[in-house]
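These notes concern the structure reproduced below.
The values are calculated or read from the model by the stated rules, or taken from the named source; none is laboratory data. What you see is a predicted model, and the numbers here were worked out from it, not measured in a lab. Every residue, glycine as well, gets a Cβ built from its backbone with ideal geometry; the counts of neighbours run over all protein chains shown.
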Amino acid sequence: MTKNAERPRRHRIVARRPVTVMVREKLVCPYCGNQEEFYEVTENAYVLVQYLQNEDGTFVPINEEMEVSGPVRFYCGRCQADLSHLRDKL
Ligand SMILES: [Zn+2]
């Protein structure tokens, strides 16, 4: 029998403060129950893209700016229901 086997084992229990986990209420489509796929449609958006032309004639976008002046609509990705009123939860 080795020395290690005779040594009593000590178990140390470290008490930790309970961790508060922020749980967000999931957004669920009230019409079809979907809670995974959603999409957004931005109306009246002004998009400015600056390009640099390469030697071979191809273009590379170097900067993109977007200004939104219209409403942003939020839809269910499955049944296409307008869920804009739920968008505040995002
Ligand atoms: Zn839906």
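Select from the stretch 16-43 the residues that are surrounded by fewer than 10 Cβ atoms within 10 Å (Cβ to Cβ) and over 19 Å from the mean Cα position of the chain (by Cα) and write down the one among them that is farthest from Asp82 (Cα to Cα).
Arg16
Name every residue in the stretch 43-90 that is part of a strand (DSSP E or B) and in contact with a Lys or Arg (Cβ under 8 Å, 6 or more places away or on another chain), in order of residue number.
Val72, Phe74, Asp82
Looking at the stretch 44-81, which of its residues are polar (S, T, N, Q) and in contact (Cβ under 8 Å) with a residue 12 or more places away in the chain? Spell out how you get there, then give the answer.
Residues of the stretch 44-81 polar (S, T, N, Q): 44, 50, 53-54, 58, 63, 69, 80.
Listed by number, the residues that qualify are Asn44, Gln50, Asn63, Ser69.
Just one of Asp82, Asp88 is at pLDDT below 95, acidic (Asp, Glu) and either surrounded by 10 or more Cβ atoms within 10 Å (Cβ to Cβ) or more than 16 Å from the ligand (Cβ to nearest atom) (or both); which is it?
Result of the check over Asp82, Asp88: Asp88.
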